[in-house]
Amino acid sequence: MTTIYDVAVLGAGVAGSAAAKSLASQGWNTVLLDRQRFPRHKVCGEFLSPESQETLSRLGLLDAVHALSPSVITSTSLYLESGGVIRLPLPGAALGISRYRLDACFHQEAAAAGACIREGVTVLSAELQDGRYSLTLRSGGQTEVLRARAVIAAWGGAGLAGELLAGRDLSGERRGVGIAPFVRREAVRQSPQVPGLVGVKMHYRIADSAPHSVQENNAVELYFFRGGYAGLNRVEDGKVNIAALLNRGDIPAKSRSVSAMLEEAVSRHSALQERIAGLVALPDTAAAVSPVRISMRPVAWSGFPLIGDAVCRIPPLCGDGMSMALRSAELCSASADRYLRGELLLGDWEREYKAAIMREFSKPLRWGRFAESLLSSALLSRALPALARLAPRAARGMIQATRLHVR
Ligand SMILES: Cc1cc2nc3c(=O)[nH]c(=O)nc-3n(C[C@H](O)[C@H](O)[C@H](O)COP(=O)(O)OP(=O)(O)OC[C@H]3O[C@@H](n4cnc5c(N)ncnc54)[C@H](O)[C@@H]3O)c2cc1C
């Protein structure tokens, strides 16, 4: 007899795994599907904000994260294009942990709660028939149909365009698929100001010869330069992660591998050049994603609920994408539980969930976009450090406005 799952979660990044863990813990027969195989390196600054830890705690995942021995990050340093620097304390301790470890850890937690995890499975389409969803999947060259009472889409911001294999030439073939029946255009609308962004990341170890100040640094550093910015912070085991967001149009044709794009980024900021001199690249840790689309506004529903980056992508410099992904997973799994119990009709679930997302996500998204344009402005970058010194409360207030506040 064909299994009808209570919930199918499409995409097993942080949002999908957290939702699957939560629903399986509540006793629902949950399947978590991802086209990739884990563990895998993923483009991310790997900075878990103080706000995200509150959500992790409510989701019962914080102890598991601490068990991975993340680095502790207490301040931020913004290196502007003009050469000026703004240093600010963080509102609480943040954690640095690789997505390689974090996502695999969340899978273990979801599996321990009873979720069935299937990797290497691409979701091709979803249809609602007689109150049940039929998902068409492709796995190992075979096509199959899976049925579920509820579906949660956690396929990330690049769910439609596809992620690129680490190190692959960006002009190469993409692996993505469309989930045609349900996806609206607004869900993937691209910011007109920042077309064609590419994200890259790589891990480094600190060279033995590096000065003590480099070894002990517990800040998240952001470097702004022409055509993009890069973030650097320590993760577990003393390693350092560098992630950069670059305007693809600005990258010379010869620099299309991850390491070449990172070298290009480094060459555009003298402070970053000095910083990287004390670091040694770790092989097989590179990842790239393109295009990176920054959202104009959240879109929480598209035939079924969306969570994580599928709802919206906040500018990466805010370091709050995972926090929003986890919070949307928390909100969605609470309402999914009520839907599955028969306490909510599909239409009520849609209304409630959309309202909650708009209430919590619209403001940080708007302010995040504003902060990104301010800090990336070559014109303003000369004045900003002085302004931040003159009005430190205003500077901190703006950063606070980009944060997710649970209501
Ligand atoms: C350069 C950069 C730096 C960033 N830095 C930070 C940071 O420091 N801190 C922070 O909090 N956030 C950061 N972010 C944002 C953060 O990475 C995302 O917000 C987070 O990964 C969202 O998680 P998610 O689970 O929604 O999506 P993802 O982690 O992208 O997971 C989506 C999953 O869905 C799968 N999938 C997609 N389509 C299908 C399909 N059709 N079938 C099956 N599976 C599918 C994918 O394989 C993927 O595993 C950064 C982003 C970028 C681009």
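Tabulated data
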item	result
Index of the failed condition, P89 passing every other in (1) in contact (Cβ under 8 Å) with a residue 40 or more places away in the chain; (2) touching a Ser or Thr at 6+ places or on another chain (Cβ under 8 Å)	(1)
Test: G92 is within 15 Å of the ligand (Cβ to nearest atom), touching a helix residue (DSSP H, G or I) at 6+ places or on another chain (Cβ under 8 Å) and assigned to a strand (DSSP E or B)	yes
Filtered residue count, segment 100-154, keeping only those that are of a type in the set (S, T, N, Q) and touching a residue at least 40 places away in the same chain (Cβ under 8 Å)	3
Residues being surrounded by fewer than 22 Cβ atoms within 10 Å (Cβ to Cβ), touching a helix residue (DSSP H, G or I) at 6+ places or on another chain (Cβ under 8 Å) and assigned to a helix (DSSP H, G or I) - total across segment 26-71	5
Segment 311-333: number of residues that are modelled with pLDDT of 95 or more and either within 6 Å of the ligand (Cβ to nearest atom) or of a type in the set (D, E) (or both)	5
Hits in segment 1-15 (condition: within 10 Å of the ligand (Cβ to nearest atom) and either within 18 Å of R138 (Cβ to Cβ) or not in a helix (DSSP H, G or I) (or both))	V9, L10, G11, A12, G13
Long-range neighbours under 8 Å by Cβ, at least six apart or interchain, first residue within 14 Å of the ligand (Cβ to nearest atom) within segment 209-233, second open to solvent by less than 20 Å² (accessible area, probe 1.4 Å) and modelled with pLDDT under 80	F224/S381
Failed item, numbered, when F106 is tested on (1) surrounded by 15 or more Cβ atoms within 10 Å (Cβ to Cβ); (2) of a type outside the set (V, I, T); (3) over 22 Å from the mean Cα position of the chain (by Cα)	(3)
Unmet criterion (only one of (1) within 23 Å of the chain's Cα centre (by Cα); (2) open to solvent by 20 Å² or more (accessible area, probe 1.4 Å); (3) at pLDDT 90 or above; (4) not charged (D, E, K, R)) for Y223	(2)
Of residues in segment 262-321 being in a strand (DSSP E or B) and more than 17 Å from E46 (Cβ to Cβ), the one farthest from the chain's Cα centre (by Cα)	V280
Single match in L306, L246 (criterion: aliphatic (A, V, I, L, M), under 22 Å from S52 (Cα atoms) and crowded, with 23+ Cβ neighbours inside 10 Å)	L306
Given (1) more than 15 Å from the ligand (Cβ to nearest atom); (2) charged (D, E, K, R); (3) not in a strand (DSSP E or B), index of the condition R87 fails	(3)
Which numbered condition T74 fails, given (1) buried (at least 24 other Cβ atoms within 10 Å of the Cβ); (2) assigned to a strand (DSSP E or B); (3) away from the ligand (no atom under 12 Å from the Cβ)	(1)
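The values are calculated or read from the model by the stated rules, or taken from the named source; none is laboratory data. This structure is a prediction, so every number in the text was calculated from the model and none was measured. Backbone-built Cβ (ideal geometry, glycine too); neighbour counts: all protein chains shown. For the accessible areas, the whole protein counts, side chains as well, though only heavy atoms, and no ligand, DNA or RNA atoms are used. Shrake-Rupley method; radii C 1.70, N 1.55, O 1.52, S 1.80 Å.
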